[in-house]
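Chemist: Would you mind keeping the following structure in view while I ask a few things?
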Amino acid sequence: EAAATKARHERMETARKLKEEKDAKDGKKKGEKPPEKSLLVLDVKPWEADTDLEKVWNLIKEYKQEGLFWGETFKLEPVAYGIKKLVMTCSIIDSMVLVDDITEAIEGLEEHVQSCTVASMNKI
């Protein structure tokens, strides 16, 4: 019994070494996973009904950060009293970008933006 167990352990060790060698040859690294990403939908509300939201969208897209990728388009949705909100998307690499950094940067456009909220956040 002990000899059979020892032989099984030796076979398992040999198989593990062969797999590591094959992975190394294929360029794989042990335990390396692709970075986790999230898709965010942001609601940006202006102060005034006559705020040029396309201009605001362009100002927001100027904010750059490693791991942050802005969506290509935006939507305007009615809020109340003729005011519309800007609905836009971005994707982030979770380990590099904090959601608060994005919302604070957008809310930093104080003369145009009243608030920025995350409408949804999904892993991709």
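The values are calculated or read from the model by the stated rules, or taken from the named source; none is laboratory data. Computed from a prediction, not measured in an experiment: that's the story for all the values here. All Cβ positions, glycine included, derive from the backbone under ideal geometry; neighbour counts span all protein chains shown. Accessible surface is based on the protein model in full, side chains and every heavy atom, while ligands, DNA and RNA are left aside. Shrake-Rupley method; radii C 1.70, N 1.55, O 1.52, S 1.80 Å.
Chemist: Just for strands (runs of 3 or more DSSP E) wholly inside region 13-124: which have at least 2 residues that are open to solvent by 80 Å² or more (accessible area, probe 1.4 Å)? Even if it seems obvious, please write down each step before you answer.
Modeler: On the way: elements: 37-46, 68-80, 83-93, 113-123.
Where strands (runs of 3 or more DSSP E) fall fully within region 13-124 and carry at least 2 residues being open to solvent by 80 Å² or more (accessible area, probe 1.4 Å), they are 68-80, 113-123.
Chemist: Separate question: Within region 65-102, work out how many residues are within 21 Å of PRO35 (Cβ to Cβ) and not small (Gly, Ala, Ser).
Modeler: Going through region 65-102 one residue at a time, the tally reaches 17.
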